[in-house]
Amino acid sequence: MGRYRYFLAIQTRLPDDYLTDAGFRRNLEVLQRLGFDGVELNIREPESVDPARLKAYLAEFGLVLSMFASGLTAKSAQLSLATTDQERRRKSIARTVRFLEFAQEFGAGVIAGYLKGAPQENGPGARERLAASVVELGPVADRLKTPLLIEAVNRYESPVGHSLADTWDIARRANSPYVWILPDTFHMNIEEANMRRAIGDHRACFGSFHLSDNTRHFPGFGALDFGAIVAMLDEIDYQGKLAIEGNIRTSFAEDVEMAMRCLGPHLTRR
C-alpha cells in the first residue's frame with residue numbers, strides 16, 4: 001500500500017494485445033502517477049494469459065492485479081451460476097474454478113457479479129441454484145486460499161443477491177473464510193435503505209469495496225457523498241481494499257483525474 005490510507009485499485013479491461021497496446025500503457029502510467037496500488041481486470045479469456053508475464057508488466061507501473069473481474073467473460077461465454085440449464089451451470093462452475101486458479105497466481109480474488117446470472121433468470125429456485133453453486137465453489141476457494149467475492153448487484157441487473165443482507169444470506173452458506181460479499185456504492189444506493197447500517201452489519205463479510213457514483217460513472221460525476229462513505233468505512237475500522245468502478249464518461253485518464261480530485265482528500269494518510 002502506497003500513497004493512500006487504503007489499498008486503492010480501479011477496474012478496467014485488459015486488451016487482448018495488452019503488451020503492445022499504447023493506450024493501455026498510457027492508462028497504467030496515469031494510475032502510477034496518481035498513486036494507485038492495483039487494478040481489477042476484466043479479461044475475456046484469462047486462460048490465454050500468462051500470469052507471470054502479466055504480473056511483470058503491471059509491476060513496471062507499481063501495480064498488482066488485485067481482483068479478476070469475471071463480468072466480461074461471463075457475458076461473452078454466457079456463464080451463469082443460477083441458470084436452470086444444468087449443463088450451462090456445470091460449465092459456469094468449472095470456469096469459475098479456473099478463474100480462482102488464475103487469480104491465485106497473483107494473490108488476487110475473483111469477483112462474481114454478472115457471473116451470478118442475467119436478471120431474467122430470477123425464476124423459481126434461482127436463489128437455491130446460486131447458493132448450491134457457491135457451496136460447491138467454497139472448498140475450491142479454501143484449497144487455493146483465494147477469495148470468491150459474490151457482488152451485491154441491484155435487482156435490475158442481477159437475478160438474486162441484491163442487498164448486502166440478501167447476498168450474504170447466499171454467500172454464508174459456503175461456510176468458508178474465502179467466500180465474501182462485495183459491496184458497491186452504485187448498487188447500494190439503489191438497494192439499501194441505510195447504507196451506514198448495511199456496512200456496519202456486514203463489516204466482517206467483505207474485504208473489498210467498490211466506489212461508483214449514482215450515475216454509474218467514477219466518483220465525482222454524480223451525487224454520492226464519498227467523504228461520508230469513506231467515513232463509514234473508517235467507523236468500522238475497515239482494513240480491506242477499495243476499487244473504483246464505473247462507465248467512462250470522457251476518457252479513462254480524464255475520468256480518473258476527476259475521481260481522485262473527489263476521493264483523494266478523503267484517502268490521504270492522516
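Percent of Cα-Cα pairs per 10 Å bin, from 0 to the last occupied bin, for the stretch 1-98, please list those.
Reading the bins upward from 0: 15, 42, 27, 14, 3.
Report, as a whole number in µm² per second, the diffusion coefficient that Stokes-Einstein gives for the stretch 139-270 at 20 °C and 1.002 mPa s using the Kirkwood radius over alpha carbon pairs.
Values: Rh = 15.4 Å.
It diffuses with D of about 139 µm²/s by this estimate.
Using alpha carbon centroids, what distance separates the stretch 123-170 and the stretch 193-221, in Å?
18 Å
Considering every Cα-Cα pair within the chain, what fraction, in whole percent, is farther apart than 23 Å?
Working: 18064 of 36315 pairs.
The proportion of pairs with Cα distances above 23 Å equals 50 percent.
Evaluate the distance, in nm, between pseudo-label points positioned 7 Å from the Cα of Arg172 and of Thr215 along their respective Cα→Cβ axes.
Once both label points are built, they end up 3.8 nm from each other.
Every number here is computed from the coordinates shown, using simple stated rules; none is lab data. Just so you know, these numbers come straight off a predicted model, no measurement behind them. Positions of Cβ are backbone-derived with ideal geometry, glycine not excepted, and every protein chain shown enters the neighbour counts.
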